Every structure is written in C-alpha cells, then in structure tokens.
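Q: This structure is in structure tokens; I'll ask about it shortly.
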Amino acid sequence: MPNILISWIGNADLNGLNQPEQPGPLVELLQHQDFDEICVMYDQPAAKVAGFVGALRDRFPSAITEVKAKLCSPVHFADIYTTLNKAIDALIAEHGSPTLYISLTSGTPAMTAVSILVGKARVQARFLQVSREKGVEEAEIPFDIAADFLPQPLSDLRLSGLMAGAAPISAAFDDIITQNPQMNLLKQRAAILAERDVPVLIYGESGTGKELFARAIRNASTRSDKPFLVLNCGAIPQELIDATLFGHVKGAFTGASSARKGYFEEADGGTLFLDEFGELPLENQVRLLRVLQDGTFTPVGSTKEQAVDVRIIAATNKNLMTEVAEGRFREDLFYRVAIGVIHLPPLRERAGDLSLLSDALLANINNEGRQQLGHVDKKISASARNIISKHPWPGNIRELNATLLRASLWQPGEMLSETDIKESLIQAPARGDGVMGRDISQGIDINEIISSVCTHYIERALEQCSGSKSRAAELLGLASYQTLTNWMDKYGINS
C-alpha cells in the first residue's frame, strides 16, 4: 500500500518558498522522507499557492493532490474537520488502506488539533513534526482516543455478542454511563448473566456502582416484573440476621409479638440483592447455603419447611477468596454464589469516564436543583475538569457526585471553577493498606502505581515551592532541577 502524506499549507511554507536556508516545514519534511503521494490542503487564494505547489512538483517525485478548503477562518474547527475528513475519504476510496502520515507543523494550531483527533480516532495515522531543534521526527501521541475517550460502537458490541453467543445490551443498562472498553465489556457480560438464571457475585470498591449493576441485571431478566429486594448484610445485628433473612413465627424470641416474613419469602419469584455480602458471620452462612442449594428454609421458631424461588445477586468490597483462605467465609457458600462474577474497576482505572460521568451527575444535580428557588444551572470549567481528572476518587462515583453537589451549592453563578472543586473535596487520611497493601489477586499495574506516586509528590512539591524546580528538587531528594525536569517529562507533568 502507498505511503501518503497529508498536510496543510501554512504561511511558513509559503514564506519559505524562496528561502533555501529556511524552506518551511513541509519542504523540510519532504527533504527528509519520501512519499508515494502528497495531499496538500489550503485555504489561501489558489493564485497565492500555485507557485508553491509547482515548486513541490519540480523538486519532489511524489504525486501531489490539491484540496482547496472553504474555511470561515483558519481556526474554524468544523470547516477544518470537514475538509480533512473529505480528503481522507478520497484517499481511502482511491487506495483502499494506504499508510497515512499527517504533518502537525504546517497550518494553524486548530488544524493541528483536528488532525490529531481525526488521525487517532479514525484512521490510526502516523504523525510527523518539524522543529528547529530536532528537525523532522515522528510524534508519539501518548493516548488512544478510540479506546480512552470514545464509546465503543454499539454495532461492535452487538457483533462481538453474537459471535460469543451473548445477549445484546438492553435498555436496562442505559443508566450505567461509560465509554471505557473494560466497562462496556462488563455491561456485555452482565447482559449475558441477565438472561441466565444463576447467582451473581459483584466485586468492587465502595461507590463503584455494584447496586446499579444488580438492578440492571434484574431489570433485563425474566424476573423484571417480580420483587427486587435490597438487604445490607453489614447493617443487621448478628442476632437478627436469621430472622431478617428467613422470617420468624410469633413468640420465636423476646419481642416477636407476631409472625413476620423474611426477605427470602418477600422476594419469592424475584431477586434478592445482598449487599456487603462478605460481612455475614460464619454461623449465619450455613442457613443461607441451604436455601441456595435446596430452595427451602425454615422460619425462626418454626418446624415447617418452606419452598422459595429467589435469585441471589451478592455484592462485596472484600476479596472473598482471601476471606475463605483465612477461615472467615465458607468455601462452599462462596462457590455456590460465585457463578456469574463481575469485578467492577474503581473510577481511577476507568479511562475516559471521569468527564462523561461528571457531566451526567451534574445534569442530575441541575434537574433536582430546578425545584429550588433561585437555582442556577451549573457547568464545569476546563480548569475544574483538570482538578477532577487528577483526583484519585477513593470514594468513586459516590464521592464524585457528593463533590459536585457540594460545589454547586456553594457557587452562586453558573460556572464551577477549579477553586470550587478544590474546596469541595474532602481529603480523607490515607488508608492503612495504602500503596503497599494493594490487592494483587485481580492484578495490578505497577507502572501506574509508580506514576501516580511520582506525579502526586512532584505536583505537591512544585505547589509548595511556587513552581521553583530547584527548591522542589531539594524537597524531593533529587540531585538537581534537571533531574526533576526529566521526571516531569517522563510522567507528563506541566510546570
């Protein structure tokens, strides 16, 4: 397949036409590398560009395609996008799957920005840039727009689901807002589990959306019109757990003045969501195992066995395999419940979702706030988004929602600023497990941990020293400010 260069013609290119010592970025690039074809786009008058394009044809053997753009201005993003897209369409129509290179140096900053977005998200182009210091070099764009920021196409999800014999994602999962590939895969798996009447175990830190997934599974299942009961296992006194789960007869214990149904009987035919499942004491786990195995239970104080048809969805933030190994959780109960297992990642690992979730949560806050006198709809400023993107969100989505709500209450205007978000964050003391106590049973990314630690302390040191690299380097125990600069470059930290 041919190698094709796509480039705007900028004023630096036109001005360099008769300056051999400074020929302009496009000519310098072509002097450095050969291409089968060059596609040049411009919005200047054709007469002004004709001499430059003619000089290119005289000096370089590549075929040249010209695209005259109609831009409202050289920084009009929509017109730039339309022109670039049409140029790419034409090249693909003619050549099939060419190797596309895009120059990032010629043209306006808006042209460069659109080139990166289109080149990364649509065609996976390679990028070239020219500078006085380094000459021509291939630019590495350190993110994948399609993976990190764009939703996986629904058609791709349906196709992969059909290939795997899976269920398509139904509208029941629409409330799970994500554009992260891992989360979309978990939604697909949850949709499969919805169609299979098996127990489900959902792992995840507090605030990651375990109940949201449980409700979606139930709503997409054949039990959607039957009861859905939620029970927090960690909130029941131990002496009342059996009575709460299985009910009791009159006089079964002191204070039992009348018979009462338990959660299993109330949920008969439907779904019972057992939150904080790992908090159940060992002695109460035995009776739960029986009802899961046999579908029968006996109310407290009764000798009459009752049959029940209940689907269990359990959730926990504990590693139950560790609990089993240390004798705090029954192995047989674990394997009875852990049929369909979903492990929800924390918000800090859901690339591309922070901004999306922030907008969705703030939209809900605005909708609720409109019922209050004097409410002004809020928006998130770019600087505030920057703070949101850097915070680790140990409380996950619940913490993010609380922070946005708090910020919207204190800000009388419509724009949430960087200061609003900073002042609304509640900085909790570091937990005992910290970096050194991460659960590695599900795998960890050690490079991500190292990067997070370095970024955290470098940014704190720079803030402490009002941006002085020399003083920050001393605080961090680094040999010199140049060493600090190298670390900042490595981890993408702006000074």
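The values are calculated or read from the model by the stated rules, or taken from the named source; none is laboratory data. Since the structure is predicted, the reported quantities are computational estimates derived from the model, not experimental observations. Neighbour counts are summed over all protein chains in view; Cβ atoms, including those assigned to glycine, are modelled from backbone coordinates with ideal geometry.
Q: Count, please, the residues in the stretch 202-234 that happen to be aliphatic (A, V, I, L, M) and within 17 Å of LEU361 (Cβ to Cβ).
A: Adding up the residues that qualify gives 1.
Q: When LEU333 is evaluated against the numbered criteria (1) touching a residue at least 12 places away in the same chain (Cβ under 8 Å); (2) within 19 Å of the chain's Cα centre (by Cα), which criterion, by number, is the only one it fails?
A: Among (1) touching a residue at least 12 places away in the same chain (Cβ under 8 Å); (2) within 19 Å of the chain's Cα centre (by Cα), LEU333 violates only (2).
Q: Which members of the stretch 94-107 meet the condition of being within 31 Å of the chain's Cα centre (by Cα) and either within 16 Å of VAL75 (Cβ to Cβ) or of a type in the set (A, V, I, L, M) (or both)?
A: LEU100, ILE102, LEU104
Q: Which one of these does ALA139 not meet: (1) out of contact with any helix residue (DSSP H, G or I) (no Cβ under 8 Å at 6 or more places or on another chain); (2) at pLDDT below 80; (3) assigned by TED's automatic domain parsing to the domain that holds HIS32; (4) among the aliphatic types (A, V, I, L, M)?
A: Every condition holds for ALA139 apart from (2).
Q: So, one more: Among the residues of the stretch 106-139, which ones are touching a residue at least 24 places away in the same chain (Cβ under 8 Å), surrounded by fewer than 17 Cβ atoms within 10 Å (Cβ to Cβ), assigned to a strand (DSSP E or B) and not small (Gly, Ala, Ser)?
A: ARG126
Q: Does SER302 satisfy the condition of being on the phi < 0 side of the Ramachandran plot, part of a loop (DSSP other than H, G, I, E, B) and in contact (Cβ under 8 Å) with a residue 24 or more places away in the chain?
A: yes
Q: Which condition does SER103 not pass, out of (1) surrounded by fewer than 21 Cβ atoms within 10 Å (Cβ to Cβ); (2) touching a residue at least 60 places away in the same chain (Cβ under 8 Å), if it passes all the others?
A: (1)
Q: Would you mind stating whether PRO412 is within 22 Å of the chain's Cα centre (by Cα), outside any helix (DSSP H, G or I) and surrounded by fewer than 18 Cβ atoms within 10 Å (Cβ to Cβ)? Break it down into steps so the answer makes sense when it comes.
A: Numbers: within 22 Å of the chain's Cα centre (by Cα): no; outside any helix (DSSP H, G or I): yes; surrounded by fewer than 18 Cβ atoms within 10 Å (Cβ to Cβ): yes.
No; evaluated as a whole, the condition is false for this residue.
Q: Working carefully through the options ASN386, ASN396, find the one that is under 16 Å from GLY207 (Cα atoms) and of a type in the set (S, T, N, Q).
A: Unique residue meeting the criteria: ASN396.
Q: Applying the selection to the stretch 18-45, what residues are assigned to a loop (DSSP other than H, G, I, E, B) and exposed (fewer than 15 other Cβ atoms within 10 Å of the Cβ)?
A: Hits for the stretch 18-45 are ASN18, GLN19, PRO20, GLU21, GLN22, GLN33, ASP34, PRO45.
Q: List every residue pair whose Cβ atoms sit under 7 Å apart, with the two residues 6 or more apart in sequence or on different chains, where the first one lies in the stretch 261-290 and is within 22 Å of LYS226 (Cα to Cα) and assigned by TED's automatic domain parsing to the domain that holds VAL310 and the second, anywhere, is acidic (Asp, Glu) and surrounded by fewer than 23 Cβ atoms within 10 Å (Cβ to Cβ).
A: That search, which allows pairs on different chains as well, returns ASP268/ASP309; GLY269/ASP309; PHE273/GLU211; ASP275/GLU211.
Q: Which residue is modelled with the highest pLDDT, if the candidates are limited to the stretch 68-80 and must be buried (at least 17 other Cβ atoms within 10 Å of the Cβ) and not in a loop (DSSP other than H, G, I, E, B)?
A: Taking the candidates together, the pick is ILE80.
Q: Applying the selection to the stretch 337-394, what residues are outside any loop (DSSP other than H, G, I, E, B), of a type in the set (A, V, I, L, M, F, W, C), touching a residue at least 24 places away in the same chain (Cβ under 8 Å) and over 25 Å from THR316 (Cα atoms)? So that I can check it myself, show each step before the final result.
A: Narrowing the stretch 337-394 to residues outside any loop (DSSP other than H, G, I, E, B): 337, 340-343, 347-349, 353-369, 379-380, 382-390.
With the extra rule that they be of a type in the set (A, V, I, L, M, F, W, C), the set shrinks to 337, 341-342, 347, 354, 356-357, 360-363, 365, 380, 382, 384, 387-388.
Going one step further and asking which of them are touching a residue at least 24 places away in the same chain (Cβ under 8 Å), we end up with 337, 341-342, 347, 354, 356-357, 360-362, 365, 380, 384, 387-388.
Correct list: LEU356, ALA360, LEU362, ILE365, ILE380, ALA384, ILE387, ILE388.
Q: So, one more: Mind checking which residues of the stretch 204-242 are surrounded by 20 or more Cβ atoms within 10 Å (Cβ to Cβ), assigned to a helix (DSSP H, G or I) and more than 23 Å from the chain's Cα centre (by Cα)?
A: Once the filter is applied, which keeps residues that are surrounded by 20 or more Cβ atoms within 10 Å (Cβ to Cβ), assigned to a helix (DSSP H, G or I) and more than 23 Å from the chain's Cα centre (by Cα), the stretch 204-242 yields ARG218, CYS233, ILE241, ASP242.
Q: Here's another thing I want to ask about it. In the stretch 441-468, what count of residues is obtained for those that are in a loop (DSSP other than H, G, I, E, B) and either modelled with pLDDT of 85 or more or farther than 19 Å from ASN386 by Cβ (or both)?
A: Residues in the stretch 441-468 being in a loop (DSSP other than H, G, I, E, B) and either modelled with pLDDT of 85 or more or farther than 19 Å from ASN386 by Cβ (or both): 7 in total.
Q: Consider the stretch 63-109. How many of its residues are of a type in the set (Gly, Ala, Ser), closer than 19 Å to GLN33 by Cα and touching a Ser or Thr at 6+ places or on another chain (Cβ under 6 Å)?
A: Residues flagged as of a type in the set (Gly, Ala, Ser), closer than 19 Å to GLN33 by Cα and touching a Ser or Thr at 6+ places or on another chain (Cβ under 6 Å) within the stretch 63-109 amount to 2.
Q: To continue, here is another question. Only one of (1) in contact with a helix residue (DSSP H, G or I) (Cβ under 9 Å, 6 or more places away or on another chain); (2) modelled with pLDDT under 95 fails for LEU400. Which number is that?
A: (2)
Q: Out of the residues in the stretch 247-284 that are surrounded by fewer than 18 Cβ atoms within 10 Å (Cβ to Cβ) and hydroxyl-bearing (Ser, Thr, Tyr), state the one that is modelled with the lowest pLDDT.
A: For the stretch 247-284, the residue satisfying everything is THR254.
Q: Would you say THR316 is assigned by TED's automatic domain parsing to the domain that holds THR222, closer than 22 Å to LYS250 by Cα, hydroxyl-bearing (Ser, Thr, Tyr) and surrounded by 16 or more Cβ atoms within 10 Å (Cβ to Cβ)?
A: Considered against the rule, which asks whether it is assigned by TED's automatic domain parsing to the domain that holds THR222, closer than 22 Å to LYS250 by Cα, hydroxyl-bearing (Ser, Thr, Tyr) and surrounded by 16 or more Cβ atoms within 10 Å (Cβ to Cβ), THR316 comes out as no.
Q: Show the residue pairs that are 6+ apart or on different chains and have beta-carbon atoms under 9 Å apart, the first residue being within the stretch 216-233 and in contact (Cβ under 8 Å) with a residue 60 or more places away in the chain, the second being surrounded by fewer than 16 Cβ atoms within 10 Å (Cβ to Cβ) and in a helix (DSSP H, G or I).
A: Within 9 Å, the pairs are SER221/GLU195.
Q: Still on this structure, please answer the following. Does ASN367 satisfy the criteria of being of a type in the set (S, T, N, Q), surrounded by 15 or more Cβ atoms within 10 Å (Cβ to Cβ) and under 24 Å from LEU212 (Cβ atoms)?
A: Answer is no for this residue.
Q: Go through the stretch 451-495 and count every residue that is surrounded by 16 or more Cβ atoms within 10 Å (Cβ to Cβ) and acidic (Asp, Glu).
A: 2
Q: Can you confirm whether the stretch 40-54 contains a residue that is under 18 Å from PHE127 (Cβ atoms) and in contact with a helix residue (DSSP H, G or I) (Cβ under 9 Å, 6 or more places away or on another chain)?
A: yes
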